[in-house]
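These notes are about the structure you will find just below.
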Amino acid sequence: MFSLLPLTALALLSSTLAADTCNGHAELCSKLYSNVTFIGAHDSYAVGDGLADNQDKNVTAQLNDGIRTLQLQAHNASDGVHLCHTSCSLQDGGLLSNYFESVVSWISSNPNDVVTIVLTNPENLPVTTYSPILTSSGIDQYMYQPSSSAIGLSDWPTLGELIDQKKNVVAFLDYQANFDTEPRLIDEFSNMWEDAYNVVDASFGCSVNRTSGSPSAQMYLINHYLDSSYSLGGTEFWIPNKDQLNVTNSESGDGSIGFHVGNCLNLWGRNPNHILLDFYDAASNAPFDLAASLNGVSAPINTVTAGSGATASITSGASASVSQSSLKSSAMPSLNTRAGLYLGSGMIGALLLGVGRTFM
Ligand SMILES: *[C@@H]1O[C@H](CO)[C@@H](O)[C@H](O)[C@H]1NC(C)=O
Ligand SMILES: *[C@@H]1O[C@H](CO)[C@@H](O)[C@H](O)[C@H]1NC(C)=O
Ligand SMILES: *[C@@H]1O[C@H](CO)[C@@H](O)[C@H](O)[C@H]1NC(C)=O
Ligand SMILES: *[C@@H]1O[C@H](CO)[C@@H](O)[C@H](O)[C@H]1NC(C)=O
Ligand SMILES: *[C@@H]1O[C@H](CO)[C@@H](O)[C@H](O)[C@H]1NC(C)=O
């Protein structure tokens, strides 16, 4: 009997300390991280209306709009790790450490949100390259550290637990993760599978493309961005299909986010965890409304406005600071179909015509 009293007191105490809102909704606090759907920015750092850009707004604006999954591509450069798209001579989103500092700053003023980072490592840089950047940027203090390299679907913490422990950042690394050396960069494919990327037809079938585990026991991420592809000298290029953004990023109808999620539900019986989009702002609140409905919560009340890139013609790539010669000399040999290359049609046209055009 007496032992019940301290327990009750403890329960009361912990309930008063616990977060009352998680990612904008009280109902999400008790949900496992693995049971929430988040809208993500594909190539979050590739901001602009240039050749290899995928987003309109910087990471701070993305987070303010409701983006909660940030996908990044790391490349080694002389002054440190940069966020670039395929090659730093095509698109350079700056230092990873600066990007992380922006995330840290946002988290410190939004302590009731959980943000996921999906870091891709096309150059297979050793995980020890990243550890000092985690520390110097200060993001390390917020990173969730699991107790094992692979976490069962039902073993993830709830959003409320992550927030209460001030572990607001869950970070995955696609290749070269090492639990013993750097447990805060969680091995993506031991915990999550992805469907196809660089797709050019809008059928968005939702079959497994990459994993190293058993898909039905993992979370999953869908690559919901439509590309157009061009073939040049035997190399294939992918650029965002901006003409279809109003369809691709809408809630329902053929080729929409809802359509893709429906295909996934038919195959897998559960919602995707992460939905990566290009120019997520092109269809205003549609992606966020859809995620709210998948999560069983009310639609967010903020209004997402479209930036200029989402509506700009892809031929406006002439404004990007990359020269044709840099493409030919340094970027071309390093093209890598797994990382994918996104070019504006102005660039493709100039290359195809052999025009000595410089993109300033
Ligand atoms: C969360 O659980 C509900 C109920 O079991 C399920 O319908 C939904 O698909 C799950 N969502 C995710 C992202 O796992
Ligand atoms: C991000 O964009 C906003 C405008 O949307 C701007 O006010 C802010 O200064 C930018 N932040 C950085 C770090 O560039
Ligand atoms: C990164 O680049 C620097 C400068 O070019 C070089 O010294 C370093 O060895 C590279 N690191 C890796 C992991 O390749
Ligand atoms: C994964 O997707 C890539 C790009 O779309 C494709 O080239 C590759 O064949 C796919 N692999 C599997 C196993 O589906
Ligand atoms: C998308 O935009 C195109 C061109 O403006 C328009 O013809 C089409 O009806 C739009 N589709 C949707 C679903 O809004």
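Readers should treat all values here as calculations from the given coordinates under stated rules, not as data from a laboratory. Keep in mind that this is a model prediction, so the values were computed, not measured. Neighbour counts are summed over all protein chains in view; Cβ atoms, including those assigned to glycine, are modelled from backbone coordinates with ideal geometry.
Structure values in brief
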{"read-out": "Extended-chain gain in nm, criterion 0.36 nm per residue less alpha-carbon gap, Asn98 and Asp254", "value": "52.3 nm"}
{"read-out": "Computed label-point distance, nm, for sites Thr135 and Thr21 using a 7 Å Cα→Cβ extension", "value": "3.6 nm"}
{"read-out": "Peptides 181-190, 124-133 ordered by average Cβ neighbours within 10 Å, highest first", "value": "181-190, 124-133"}
{"read-out": "Per-pair calculated FRET efficiency, R0 = 41 Å: Asn178 and Ser229 via Cβ, rounded to 0.05", "value": "0.75"}
{"read-out": "Ranked list, fewest to most other Cβ atoms within 10 Å of each Cβ, for Tyr175, Tyr280, Tyr45", "value": "Tyr175, Tyr45, Tyr280"}
{"read-out": "Length added when fully stretched, Leu265-Ser207, from 0.36 nm per residue minus Cα-Cα", "value": "19.8 nm"}
{"read-out": "For the stretch 202-242, Kirkwood radius (reciprocal of mean inverse C-alpha pair distance, Å)", "value": "12.7 Å"}
{"read-out": "Percent breakdown of C-alpha pair distances by 10 Å bin, ordered from the shortest bin, for the stretch 97-142", "value": "24, 54, 20, 2"}
{"read-out": "Distance-filtered residues of the stretch 39-70 - backbone nitrogen under 13 Å, label point 7 angstrom along Thr303 Cα→Cβ", "value": "none"}
{"read-out": "Distance cut-off 22 Å, percentage of C-alpha pairs in the stretch 158-290 lying past it", "value": "47 percent"}
{"read-out": "Pairwise centroid distance, computed over Cα atoms, of the stretch 127-164 with the stretch 28-97, Å", "value": "18 Å"}
